[in-house]
Amino acid sequence: MHPTSLPYRRLPLLILLTLFGAPRVCGSMDEDPLKDLIVGLGSGRIEAPSVWLDVVSKEPRNTVTTLIRVLKEDGDEALQKQVEKQLMEACAYAARRHEEKPWKPVEWNRHCLVSMEIIQILGGATQVSQLVDLLAIPRKAEEQDYDTRSFMRPLKTSLLRACDRDALTLRVIENAYGSQTRDLDSQLLRILGSCDVQRTPDTLVNCLGKRHHFDAIVLTQLAAALRKPHLRISSFGLGAIRPLLGSPDAHTRQSAVRALGYADDTTSIRPMILMLDDTADSVRNETLLALQRITAMTIEGHPERWLHWFEEETDWWCEESPATLQTLRDSTEKDVARILRELAGKRLFRREIAPHVMGMLEDPRPEVVRLALATLESLRPPFTDLAPLLKELSEHHSPIVRNDANRILHYLTKNTNSLYPSSNIPSRH
């Protein structure tokens, strides 16, 4: 379409009024290089990525964000896609040129900021990989001249948006961590700890050992991630953390205990009990909190009392649980209530008990279903196992069952609505 036809004649004017009502950075109001680039796309005159990079990097902050919004509002998808393609190519050029011939600090700063803004609204794993290359400090350069600390907020925003858009971004950040500057690596860890992507915990685990003196930070971020009900860690990830309970560094031991506590790792209960005699006060205190978090027991910090409880629970599981679980489904309502109350307190083996209790959610007796729900609240099975069942029970014929199911579902999803809105929780069927 020719630039003098209506859409292209109207659109640059709209962009001009929206973006450039303030004094221009590039010159007078008559000089509008960004408008010229966009009009050129309509006539088939496509400028090189280097030109696009130079123009957009000299514009005021948030110009790219406003530009894309205006293009979307105008409704010309073809033009919008062309502009987005040029912006992506500008990102790629900035990184490629920096590898071939490093940018001077002032140019580098501008190009980093505009690349982050482009990634925030458009980018995924590929663009984040290019940004990592752009953030690299040239050899023989002064680190303070290429200071990434001033980018902390836009870097976090852009990478988190990219993670939401493209889960492979996590792998890019994981691969980048450990080979950057100390400040940038620290920022990457904190960004990972803020991610809401399912693989976040295991990605953080893969960062352990790359910078040994940062392992405590990795574990702290991991604990923060695991506080979100929808984020769980694999058995492989747990296996990588458990040896760190024996780390010579007290801060690492403390952080490992905290992470395993939020991971709800029942396998670590016995080693943690022994750590109640740790030489460091901070480790002992964190260990007691972790044990109480995992077990829901209020035993004080005496290893002997905890060991006694552990042995009693283990004996019950080996000797009495088979008969108890066998009779659960066939019992009267009164006996079911008694058995479920007993099972609710058996936190050491709750992962093994939970599937038996979940089966009771299909019982035709509403009161039995309510008792099973109350027991599952105590046993805390994985969110992804329980959520589909709760979604189905939210439509139960009994109002009291519906209320209980919705209350538990609301509690589990109150901080995770972006990932698990109640209308989108997958059915188990």
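A few points about this structure:
- Positive contributions from Lys and Arg (+1) and negative ones from Asp and Glu (-1), summed over other residues with Cβ under 12 Å from the Cβ of residue 255, come out at -1.
- With Cα atoms as the point set, the stretch 320-424 shows a radius of gyration and Dmax of 13.7, 43 Å.
- Between residue 62 and residue 107, the modelled labels are 2.9 nm apart [label points 7 Å from Cα along Cα→Cβ].
- FRET efficiency, residue 315 to residue 377 (Cβ-Cβ, R0 25 Å, nearest 0.05): 0.45
- The gain in end-to-end length when the residue 73 to residue 47 segment is fully stretched comes to 6.9 nm, 0.36 nm per residue minus the alpha carbon separation.
- Cross-link partners of residue 101 among lysines, defined as those whose alpha carbon lies under 21 angstrom from its own and excluding same-chain residues fewer than eight positions apart: 58, 140.
- Packing-based ranking, highest mean first, of 125-137, 65-77 given that Cβ atoms within 10 Å are counted: 125-137, 65-77
- Taking one quarter of the surface of the convex hull spanned by the alpha-carbon atoms of the stretch 200-310 gives a direction-averaged projected area of 6.3 nm².
- Using the rule -39500 (n - 2.57) for each DSSP H run of four or more residues, divided by the residues of the chain, the 222 nm mean residue ellipticity is -20000 deg cm²/dmol.
- Dipole-positive endmost among 129, 160, 34 within the chain (Cβ charges, Cα centre): 34
- For the stretch 84-157 and the stretch 294-314, distance of Cα centres in Å: 53 Å
- With all pairs of separate Cα atoms included, the stretch 48-141 yields a Kirkwood hydrodynamic radius of 13.4 Å.
All of the numbers you see were taken from the coordinates with simple rules; none came from a lab. Computed from a predicted model, the values in this text were never measured in an experiment. Note that we place each Cβ from the backbone using ideal geometry, even for glycine, and neighbour counts take in every protein chain shown.
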